[in-house]
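I have placed the structure first, in the form of structure tokens, so that the comments after it can refer back to it.
The values are calculated or read from the model by the stated rules, or taken from the named source; none is laboratory data. A quick note: this is a predicted structure, and the numbers were derived from the prediction, not measured. A quick note on method: Cβ atoms are made from the backbone with ideal geometry, for glycine too, and the neighbour counts reach across all protein chains shown. Protein only, heavy atoms only, side chains kept; ligands, DNA and RNA dropped before computing areas. Shrake-Rupley method; radii C 1.70, N 1.55, O 1.52, S 1.80 Å.
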Amino acid sequence: MFTGVREDEYFQTGGRHIPELRKRKPEPILFVSPTTAARAGVVGEWVAVESPTGRIEIKVGVRDSMPDGLVRIPHGWWRPEAEWGLDRKLSDALRLADAMLCPDDEDYLDREQGIPHLKGLPCRIAKLSQRKADQGAP
């Protein structure tokens with residue numbers, strides 16, 4: 001898994017409240033190769049991505065240019081329209097953001113930037129339950 005990939009529509013974690021930008025990129029989308037998507041049976045579906053550190057939910061997109069076995073995760077997703085608060089998952093950031101997948105232990109922390117500097121991690125993709133998918137996950 002490669003995390004922290006920036007999207008043209010947004011600057012870092014900002015801009016998701018701008019309607020014109022959300023029309024262009026309304027949901028977080030991970031990218032995998034056609035072979036990887038077919039093997040996992042997840043083309044165009046919402047999935048859970050799990051790493052040793054955490055878990056997020058994200059929609060699958062397929063790109064022919066992706067190497068087999070690599071998962072590309074976009075940076076900094078949250079939903080300004082979602083309720084805010086620790087008990088409400090911080091506007092879905094705890095459910096959608098790539099930071100949930102990255103360790104922030106001392107060995108991985110870049111002190112100058114205050115972020116994990118490790119961006120390549122093992123992960124697992126798992127289909128979300130059919131009920132959750134029918135509800136328009138997340």
Conditions (1) farther than 26 Å from TYR108 by Cα; (2) free of Cβ contacts under 8 Å to residues at least 40 places away in the same chain: number failed by LEU90: (1)
If you check ALA99 against the conditions, is it open to solvent by 20 Å² or more (accessible area, probe 1.4 Å) and either among the basic types (Lys, Arg) or modelled with pLDDT under 90 (or both)? yes
Exactly one of these conditions fails for THR35: (1) of a type in the set (Ser, Thr, Tyr); (2) part of a strand (DSSP E or B); (3) out of contact with any Cys (no Cβ under 9 Å at 6 or more places or on another chain). Give me its number. (2)
Cβ-Cβ under 7 Å, sequence separation 6+ or interchain: first residue in the range 94-106 and closer than 25 Å to GLU27 by Cβ, partner assigned to a helix (DSSP H, G or I) and of a type in the set (D, E, K, R). Which pairs? ARG95/LYS89
Since GLU27 meets every condition but one in (1) part of a helix (DSSP H, G or I); (2) surrounded by 15 or more Cβ atoms within 10 Å (Cβ to Cβ), which condition does it not meet? (1)
Regarding ARG24, is this residue farther than 18 Å from ALA99 by Cβ and not polar (S, T, N, Q)? yes
Quick one: is LYS89 of a type outside the set (Val, Ile, Thr), modelled with pLDDT under 80, in contact with a helix residue (DSSP H, G or I) (Cβ under 9 Å, 6 or more places away or on another chain) and outside any loop (DSSP other than H, G, I, E, B)? yes
Scanning the range 8-24 for residues that are in a loop (DSSP other than H, G, I, E, B) and touching a Gly at 6+ places or on another chain (Cβ under 9 Å), the one nearest to ALA93 (Cα to Cα) turns out to be THR13
Looking across the range 14-56 at residues that are in contact with a helix residue (DSSP H, G or I) (Cβ under 8 Å, 6 or more places away or on another chain) and among the β-branched types (Val, Ile, Thr), the single one that is farthest from TYR108 (Cα to Cα) is VAL43
Matching residues in the range 35-69 (open to solvent by 60 Å² or more (accessible area, probe 1.4 Å) and touching an Asp or Glu at 6+ places or on another chain (Cβ under 6 Å)) number 2
